[in-house]
1. Using alpha-carbon positions, what is the distance between the centroids of region 108-150 and region 56-75, in Å?
2. Working from Cα positions, state the angle (0 to 90°, nearest 10) between the long axis of helix 29-42 and the longest principal axis of the chain.
3. Can you give the angle from 0 to 90° between the axis of helix 76-85 and the longest principal axis of the chain, with both taken from C-alpha atoms, to the nearest 10?
4. Calculate, for residue 161 and residue 45, the FRET efficiency according to 1/(1 + (r/R0)^6) with r their C-beta to C-beta distance and R0 35 Å; round to the nearest 0.05.
5. Compare 135, 40, 53 in a GNM of the chain, Cα atoms joined below 10 Å, and give the one with the largest fluctuation.
6. By the gyration tensor of its Cα atoms, with a ≥ b ≥ c the square roots of the eigenvalues, what is the shape of region 98-160: rounded for a/c under 1.5, prolate for a/b over b/c, or oblate?
7. When only C-alpha pairs under 8 Å and at least 6 residues apart count, what is the relative contact order of the chain, in percent?
8. What length, rounded to one decimal in nm, is gained on full extension from residue 154 through to residue 10, with 0.36 nm per residue of separation minus their alpha-carbon distance?
Ligand SMILES: [Zn+2]
């Protein structure tokens, strides 16, 4: 599955339904760009969940099984995507949102996760990691926070204790 429908990825124009998703911020411009390229690489058979622009680079979240094909032989597809968007891309795979969070935070351990209720009635997810693990993280906390919030469609707070 792609964030936009296959026809939109192929024709490079958005149908009313994909256009609405973009307007409602369920998907981003980055999702659209990456979807068009990955559609071409896989001739319609490859998918990904989300492309998140974290500032310094873009994280593409996909099913583990698709990672090799998305990267392409010798990294060819990855290079093409990076050239096209002008940013570095990290491709990360997991089969569920929970697994994705663990992949992003590993090798650091999650001490606890909890839900917090905000003053406006919204829900926020709090993830606590051990302070001794911070140096082991693959990316900075701000980037992790942004990806996880995007993935869960909720505000996320990462606490180091
Ligand atoms: Zn569409």
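1. 24 Å
2. 60 degrees
3. Once rounded, one gets 80 degrees.
4. Using R0 = 35 Å, I get an efficiency of 0.20.
5. Most flexible of the set in this elastic network: 135.
6. On the way: a/c = 2.12, a/b = 1.66, b/c = 1.28.
Verdict is prolate for region 98-160.
7. 16 percent
8. Roughly 48.8 nm would be gained on extension.
Bear in mind these aren't lab numbers, they're just calculated from the coordinates by the rules spelled out. Quick caveat: nothing in here was measured; it's all calculated off a predicted structure. Cβ atoms come from the backbone with ideal geometry, glycine included; neighbour counts cover every protein chain shown.
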